[in-house]
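Okay, structure first, notes after.
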Amino acid sequence: MNRKDFHQLAARGPLLLDAVPTAGCGARECPEKWLLEHFEVAASALVSFRDAGCDIVRCPSAGANRLRLGAFGLASQTGEINRELMRRCRATLGSFPVFGTCSIIGRRIEPFGDLDFEEAVACYGEQAKALADGGAEGFIVAAMNDIQEARAALIALRELGDFPVIVEMSIGPQGRTQGGTDPVSALVTLQSLKADAVGFGAGDPGLAIASIIAAVKPFATVPLGAVPATRDSGPEAYAALGPALVRAGANLVAGDRHATAEHMAALGGRICGEAVRPALKKSLSALSSCRSTLFPGPEHPFAIVGERINPTGKKQLQASLREGSLDMVQQFAIEQEQRRAAVLDVNMGLSGIDEMAMMLRAVGLLSRLSPLPLCIDTTRPEVAEAALRRYPGRALVNSVSGERERIERTLPAAARYGAMFIVLPLTDAGIPATVRERIAVIDTILAAAASYGCTVDDIVVDGLVMTISSNPEAARDTLDLISWCSQTLQANTIVGLSNVSFGMPERQWINGAFLGMAMGRGLTMAIANPSSDSIMATVQACNALRGHDAGMLLRRGNFSGGPS
Ligand code: THG
């Protein structure tokens, strides 16, 4: 089964997935090894799940990664245990689809813990390779409670081949994963990273999975899965949960580990007549961190990308970065969040420092510290790529221009990790003089992006505003480009706001006025310093005038951009 086959199958769904055979050993024994030694237990469970009407069954390989097996002294048997388990599942069921199961490693991964991210990817890669060698048709990354661990597994599986991969997150009593990720952010992050389906299971037995599915469905570009908790309910009571799940938008329903073949047969009987709701969108403009999601766009509040984590022109920040300190980066992150920045730009381009190392450290720190999604601002494609690989969310890349290196290297990196990216309408020959020529560059970049599967929803066009002190028509051209992007292309737009007033007196007022004019033409984001009252007051006033956040303005009773 390749990815396309899986999507065709899911479209005819709802698909029923089994509950995974369970081992009959105690906690001190390795369940995967035990099942291999008592394979008749697994075999009879698999056959009964198949006969109960499941569409896909799962190899009971969940905990068989090197680090978990190591706890039982079985690390050296990782390949053999996975390969043999899968081989025997296939031997039992013939051509019936069996998916490999991967689950938690049991250690926190960078940037949330001390396990190296690449070590985690390699750990999943080793297990997945053995399962593929044993005949896996696809994979389920199940019961994950840390988004970064789920990402590590998904990256490893994507690099293995064209297998369908379902990723299921476990949601706790606070409506978030144990690591603190909300379901929408998990969905946005995992579908961008090319999960073929994203599922939600209840880490808390009282949690209603149907309400989670309903809440995330508007943002799904992939099929959704639901894993209802059995609790102590019998087959009929369990099955009664099914129709509501499918109506809420579940395309796959899987049994939790306590469900028996009788539970699955009853569940299958109840959902088989339900019509599945396909994903509502093919692509989505959204940025995520591990704790929140931001939707840029004309229907949403205007988003300020805080520009301050950038050493350009900042002596003190330069000095502290040269000493290897991220204290000022931390301080700027907190201050910009308090001033209501929606995204944090991170630029570590400074002569005399290791940009790659500092970018990775800064991204790690900011991922732990701030709920805001990041904008990775670098001219070096390899720095953008490494930062995207490790960032536990869906970032914005700053930027892809028409320059050859950006199209050939930065664009594919953004596409591979599913990031959104800023499109700069300039080329190796420089900045085009006319709006028409800039549009031609945008079209060229979009055509290249389409070849990697990206759409207009994945981009934010930079209006490339130049200072009016050297070209009085600079602002007008940018405004015209913003109008075209907003109305014709229907793309998000951004400007580096302070450029417009460079060399002019009373810069703050010019910046504020230009921002208001640009928002009137459809601008959806700006890179700016949120410490500026004129900018933040304009943002809040314009948001209120567009029907967003008027309530907040009324409650606050003033127009300052500061913390309320
Ligand atoms: N478009 C895109 N990306 C961009 C820009 C753009 N990135 C960089 C820049 N323009 C936006 N970021 C900044 C960062 C800092 C400053 C201006 C724009 C800045 N620094 C002050 C100085 O140079 O004197 C220091 C101010 C301070 O201390 O805060 O002004 O257009 N896609």
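The values are calculated or read from the model by the stated rules, or taken from the named source; none is laboratory data. In this text the structure is predicted, and so the values were computed from the model without any measurement. Note: ideal-geometry Cβ built from the backbone for every residue, glycine included; neighbour counts use all protein chains shown.
Per-structure values
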{"item": "Sole exception among (1) in contact with a Pro (Cβ under 9 Å, 6 or more places away or on another chain); (2) more than 16 Å from the ligand (Cβ to nearest atom); (3) under 24 Å from residue 492 (Cβ atoms) for residue 342, by number", "result": "(2)"}
{"item": "Hey, residue 389 in contact with a helix residue (DSSP H, G or I) (Cβ under 9 Å, 6 or more places away or on another chain), within 14 Å of the ligand (Cβ to nearest atom), charged (D, E, K, R) and in contact (Cβ under 8 Å) with a residue 12 or more places away in the chain or not", "result": "no"}
{"item": "Scan of region 491-522 for residues that are in a helix (DSSP H, G or I), hydroxyl-bearing (Ser, Thr, Tyr) and crowded, with 22+ Cβ neighbours inside 10 Å, ordered by number", "result": "501"}
{"item": "Number of the condition not met by residue 356 [criteria: (1) more than 16 Å from the ligand (Cβ to nearest atom); (2) farther than 22 Å from residue 116 by Cβ; (3) in contact with a helix residue (DSSP H, G or I) (Cβ under 6 Å, 6 or more places away or on another chain)]", "result": "(2)"}
{"item": "Of all residues making up region 412-424, the number that are touching a strand residue (DSSP E or B) at 6+ places or on another chain (Cβ under 7 Å) and either more than 16 Å from the ligand (Cβ to nearest atom) or not in a helix (DSSP H, G or I) (or both)", "result": "7"}
{"item": "Options 444, 427, 488: the member that is away from the ligand (no atom under 14 Å from the Cβ), buried (at least 17 other Cβ atoms within 10 Å of the Cβ), farther than 30 Å from residue 333 by Cα and among the polar types (S, T, N, Q)", "result": "427"}
{"item": "Filter result (closer than 21 Å to residue 538 by Cα and within 14 Å of the ligand (Cβ to nearest atom)) within region 328-339", "result": "335, 336, 339"}
{"item": "Flag if residue 359 is buried (at least 24 other Cβ atoms within 10 Å of the Cβ), at pLDDT 95 or above and farther than 23 Å from residue 444 by Cβ", "result": "yes"}
{"item": "Where residue 223 falls short, out of the listed (1) in contact with a Lys or Arg (Cβ under 9 Å, 6 or more places away or on another chain); (2) buried (at least 24 other Cβ atoms within 10 Å of the Cβ); (3) touching a residue at least 60 places away in the same chain (Cβ under 8 Å)", "result": "(1)"}
{"item": "Close pairs (7 angstrom Cβ cut-off, 6 or more residues apart or separate chains): among the hydroxyl-bearing types (Ser, Thr, Tyr) in region 489-513, away from the ligand (no atom under 13 Å from the Cβ) anywhere", "result": "493/482; 493/485; 493/486; 493/522; 493/524; 501/510"}
{"item": "Qualifying residue in region 402-416 (condition: hydroxyl-bearing (Ser, Thr, Tyr), more than 20 Å from the chain's Cα centre (by Cα) and modelled with pLDDT of 95 or more)", "result": "no"}
{"item": "Qualifying positions in region 526-539 - in a helix (DSSP H, G or I) and free of Cβ contacts under 8 Å to residues at least 40 places away in the same chain", "result": "533, 534, 537, 538"}
{"item": "Check on residue 437, of a type in the set (Asp, Glu) and under 24 Å from the mean Cα position of the chain (by Cα)", "result": "no"}
{"item": "Whichever residue in region 491-547 is on the phi > 0 side of the Ramachandran plot and within 31 Å of the chain's Cα centre (by Cα) and, among such residues, is farthest from the ligand (Cβ to nearest atom)", "result": "547"}
{"item": "Of residues in region 156-207 being β-branched (Val, Ile, Thr) and within 24 Å of residue 455 (Cβ to Cβ), the one surrounded by the most Cβ atoms within 10 Å (Cβ to Cβ)", "result": "189"}
{"item": "Meets criteria (over 27 Å from residue 145 (Cα atoms), out of contact with any strand residue (DSSP E or B) (no Cβ under 6 Å at 6 or more places or on another chain) and either crowded, with 18+ Cβ neighbours inside 10 Å or without any contact (Cβ under 8 Å) to a residue 12 or more places away in the chain (or both)) for residue 40", "result": "yes"}
{"item": "Index of the failed condition, residue 325 passing every other in (1) within 16 Å of the ligand (Cβ to nearest atom); (2) free of Cβ contacts under 8 Å to residues at least 24 places away in the same chain", "result": "(1)"}
{"item": "Residue in region 458-477 that is surrounded by 19 or more Cβ atoms within 10 Å (Cβ to Cβ), outside any loop (DSSP other than H, G, I, E, B) and more than 15 Å from the ligand (Cβ to nearest atom) present", "result": "yes"}
{"item": "Members of region 370-386 that are closer than 22 Å to residue 118 by Cα and away from the ligand (no atom under 16 Å from the Cβ)", "result": "382, 385, 386"}
{"item": "Residue within region 292-304 that is closer than 28 Å to residue 350 by Cβ and among the hydroxyl-bearing types (Ser, Thr, Tyr) present", "result": "no"}
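Residue by residue, here is whether (1) under 15 Å from the mean Cα position of the chain (by Cα); (2) within 20 Å of residue 54 (Cα to Cα) holds:
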| site | (1), (2) |
| --- | --- |
| 203 | no, no |
| 216 | yes, no |
| 221 | yes, no |
| 245 | no, yes |
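So that you can scan it fast, the table gives a plain yes or no per residue for (1) touching a Lys or Arg at 6+ places or on another chain (Cβ under 8 Å); (2) crowded, with 19+ Cβ neighbours inside 10 Å; (3) over 21 Å from residue 194 (Cβ atoms):
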| residue | (1), (2), (3) |
| --- | --- |
| 365 | no, no, yes |
| 383 | no, yes, yes |
| 387 | no, yes, no |
| 402 | no, yes, yes |
| 405 | no, no, yes |
| 411 | no, yes, no |
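Listed here are the residues, each with its yes/no results for (1) surrounded by 20 or more Cβ atoms within 10 Å (Cβ to Cβ); (2) within 14 Å of the ligand (Cβ to nearest atom); (3) free of Cβ contacts under 8 Å to residues at least 24 places away in the same chain; (4) of a type in the set (Phe, Trp, Tyr).
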position: 259; (1), (2), (3), (4): yes, no, no, no
position: 265; (1), (2), (3), (4): no, no, no, no
position: 295; (1), (2), (3), (4): no, no, yes, yes
position: 311; (1), (2), (3), (4): yes, yes, no, no
